[in-house]
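A quick write-up on the structure given underneath.
All of the numbers you see were taken from the coordinates with simple rules; none came from a lab. Here the structure is a predicted model, which is why all the values come from computation and not from measurement. FYI the Cβ positions are ideal-geometry reconstructions off the backbone, even for glycines, and counts take in every protein chain you see.
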Amino acid sequence: MSLSPNNQQELEISSTPREEMNLFPLDTFEYEHVGSEIWVDFEIPEFTAICPFSDFPDFATIKLKYVPNERCIELKSLKLYINSFRDVKIFHEHVINVIREDFVTACDPLRLKIEGDFNVRGNIKTIVRTTYQKETPDK
């Protein structure tokens, strides 16, 4: 199968390179009940980033659920991390992948679910979901 060329509209696409995003670091703290599985749910209703095509803001509600392994995400750093996307030009699909990568790197959860429920733009609503499960060594 041959894919058609991307950007057939010849629009200027200006995404922020990963190394230039300047996202606030995610801090963690020790989970004192390792082996006792709990789900931690965060709902972030005021997420904002910038559309790489239009330079207009994109708004979303981000839902993040995880099962801690040995570390938990510190809430203030999560707020600052999420708010640091406000100046980032990024596609909806990439936002969710970046959050997943950074979250897994920061706290090594057993399981993680993320949903980005983006506001309607031009008559289209976008919802992006991802999951992660820590690989366990074979016994």
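Mind listing whichever residues of segment 84-96 are among the hydrophobic types (A, V, I, L, M, F, W, C) and part of a helix (DSSP H, G or I)?
First, pick out the residues of segment 84-96 that are among the hydrophobic types (A, V, I, L, M, F, W, C): 85, 88, 90-91, 95-96.
Passing the criteria: 85, 95, 96.
Would you confirm whether or not segment 67-78 contains a residue that is surrounded by 13 or more Cβ atoms within 10 Å (Cβ to Cβ), small (Gly, Ala, Ser) and under 11 Å from the mean Cα position of the chain (by Cα)? Break it down into steps so the answer makes sense when it comes.
Kept after step one, since they are surrounded by 13 or more Cβ atoms within 10 Å (Cβ to Cβ), are these residues of segment 67-78: 67-74, 77-78.
Keeping just the survivors that are small (Gly, Ala, Ser) gives 77.
Filter once more, so that each one left must be under 11 Å from the mean Cα position of the chain (by Cα): none.
Within segment 67-78 (the criterion being surrounded by 13 or more Cβ atoms within 10 Å (Cβ to Cβ), small (Gly, Ala, Ser) and under 11 Å from the mean Cα position of the chain (by Cα)), the answer is no, since none of the residues qualifies.
Scanning segment 48-66 for residues that are charged (D, E, K, R) and buried (at least 16 other Cβ atoms within 10 Å of the Cβ), which turns out farthest from residue 88 (Cα to Cα)?
From segment 48-66, those charged (D, E, K, R) are 55, 58, 63, 65; that's our starting set.
Next cut, buried (at least 16 other Cβ atoms within 10 Å of the Cβ) only: 58, 63, 65.
On the way: 58: 10, 63: 19, 65: 23 Å.
Ranking the qualifying residues of segment 48-66, first place goes to 65.
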Which residues, taken from segment 97-139, are surrounded by 14 or more Cβ atoms within 10 Å (Cβ to Cβ), part of a strand (DSSP E or B) and more than 16 Å from the chain's Cα centre (by Cα)?
121
Count, please, the residues in segment 26-83 that happen to be outside any strand (DSSP E or B), in contact (Cβ under 8 Å) with a residue 60 or more places away in the chain and either in contact with a Cys (Cβ under 9 Å, 6 or more places away or on another chain) or on the phi > 0 side of the Ramachandran plot (or both).
2
